[in-house]
1. Looking only at helices (runs of 4 or more DSSP H) that lie completely in the range 1-114, which have at least 2 residues being of a type in the set (Gly, Ala, Ser)?
2. Can you name every residue in the range 114-141 that is among the β-branched types (Val, Ile, Thr) and touching a residue at least 40 places away in the same chain (Cβ under 8 Å)?
3. Can you name the condition, by its number, that ILE178 falls short on among (1) in a strand (DSSP E or B); (2) closer than 22 Å to VAL31 by Cα?
4. When you check ALA262 against the structure, is it part of a helix (DSSP H, G or I) and touching a residue at least 12 places away in the same chain (Cβ under 8 Å), yes or no?
5. Would you check which residues across the range 230-244 are surrounded by fewer than 22 Cβ atoms within 10 Å (Cβ to Cβ) and either within 20 Å of VAL124 (Cβ to Cβ) or of a type in the set (A, V, I, L, M, F, W, C) (or both) and list them?
6. Identify all residues within the range 40-53 that are surrounded by 13 or more Cβ atoms within 10 Å (Cβ to Cβ), of a type outside the set (Phe, Trp, Tyr) and over 12 Å from ALA184 (Cβ atoms); write none if there are none.
7. Suppose we filter the range 358-411 for residues that are assigned to a loop (DSSP other than H, G, I, E, B) and of a type in the set (D, E, K, R); how many remain?
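The values are calculated or read from the model by the stated rules, or taken from the named source; none is laboratory data. All values reported here derive from a predicted model rather than from experimental measurement. All Cβ positions, even for glycine, are placed from backbone atoms using ideal geometry, and neighbour counts span all protein chains on display.
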Amino acid sequence: MRIIEDFQSAKLALSRQASKEAGNDEKERVVRQIVNDVRDRGDAALFEYTERFDGVKLTSLEVKKESIERAYQEVDTGLISALKLAAERITDYHEEQKGSLFRESTSKNLGWLLRPLNKVGLHVPGFTAPLPSSLLMTAIPAKVAGVKEVILVTPPGKPGEVSPVTLAAARIAGVDRIFSIGGAQAVAALAFGTESVPRVDKVCGPGNIFVSLAKKVVYGVVGIDGLYGPSEVIIIADDTASPEYCAADLLAQAEHGSGAAAMLITTSKLMADKVNSEIERQLDSLSRKTITAESLESHGLIVVVANIDEAIELSNLYAPEHLCLVVKDAADYVKKVENAGCLFVGENSIEALVDYVAGPSHVLPTEGTARFGSGLNITDFVKLISLVNMDKRDIGQLGEATQIIARAEGLDAHARAIEKRLSDKG
């Protein structure tokens, strides 16, 4: 991988100043056409787009309960056990989150109410293989939050059926209904509803650029969790880190392909060279060698800095999806981390564990959105309703100031609404 040893050059490289992917304007135009077509023609458009984009001619959009049960019985028992373990840990993590974060306040004249969303739509991509982990990572937090109905959309494979692994994971996660559609057309169906697909309150989950653009287009009609781009990791390592482990973790990130960014920031030039050599050695044995190598060539980077503080400054600037602190006394630096989707402390906090079974959702902010966004969690599936329950005494204490501000804004009716109550002696 390319090595940068100048701090200012590193800041420029990690500032995300490069222009966005060329051609997105044209892609968004196409997506808008698809979204509008699904809104106007419903199921008919879904059948047509599924045949055109997925090469599958469906006779029904919804997956039957019998098909889900049959898939669950067919999937390897070892995989079922692994998925159940992941589901249990994801549930426990978000139950603890719920106990800590979900607290209503109704005892005073001002407070708030928490209400789960009624219906949530989850998009799980197919890509070149099923992604049951992404399904668990989105459906389970929604269920824990109390969402009444979770709707899954996922593209069919040939000969027209959703992957049995995906169906098994959906059963484990407690998904309520499944539709064998994917892409921009599936997002549109969830946003507007069709004859078969129910309209939802929020659309969540990852996908390709067309899915992200569709979520962007329908935002406002429905809520969305975020817009996700290629996966990314920064590993901050000093000379106590294992070059072998660092290389393995960088390769694990790079094998996502499609623009995945794998970066090392280290205080040791010797470490930089060792990791580079180890990457070349380990790369040869990977089944996705070509994709991984292309990702490292295009988006891989090693930066050598003077100290850990400089490394964290660069990381905060980049705001990575994943940040790994593999340094001596790593926990001491946690408080300095400002921007990251998920923080991994120490060499045994392996990103791959979080991708599958650790507990937090692996649906995380990318492309610098960790500056203001969070990983998918239970708060994505609830709304906060402000509660006001005031009496005459409150009006007496606050009414005069309210009238003054209202009149300063030229809103006499607001001031008069207060005035009438102040003048009412009842």
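1. Here the list reads 7-13, 43-54, 65-74, 77-101.
2. Initially, the range 114-141 is screened for residues among the β-branched types (Val, Ile, Thr), giving 120, 124, 128, 138, 140.
Scanning the range 114-141 gives VAL120, VAL124, THR138, ILE140.
3. (2)
4. So ALA262 does not fit the description; no.
5. PRO230
6. Taking the range 40-53 first, the residues surrounded by 13 or more Cβ atoms within 10 Å (Cβ to Cβ) are 41-51, 53.
The next check asks that each one be of a type outside the set (Phe, Trp, Tyr); those that pass are 41-46, 48, 50-51.
Of everything in the range 40-53, those that are surrounded by 13 or more Cβ atoms within 10 Å (Cβ to Cβ), of a type outside the set (Phe, Trp, Tyr) and over 12 Å from ALA184 (Cβ atoms) turn out to be ARG41, GLY42, ASP43, ALA44, GLU48, GLU51.
7. Step one: of the range 358-411, the residues assigned to a loop (DSSP other than H, G, I, E, B) are 358-368, 372-377, 389-391, 409-411.
From the residues that got through so far, the ones that are of a type in the set (D, E, K, R) too are 367, 391, 409.
Total satisfying the criteria: 3.
Matching residues to (1) modelled with pLDDT of 95 or more; (2) surrounded by 14 or more Cβ atoms within 10 Å (Cβ to Cβ); (3) charged (D, E, K, R); (4) assigned by TED's automatic domain parsing to the domain that holds SER133:
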residue	(1), (2), (3), (4)
ALA340	yes, yes, no, no
PHE344	yes, yes, no, no
ILE350	no, yes, no, no
ASP355	no, yes, yes, no
ALA406	yes, yes, no, no
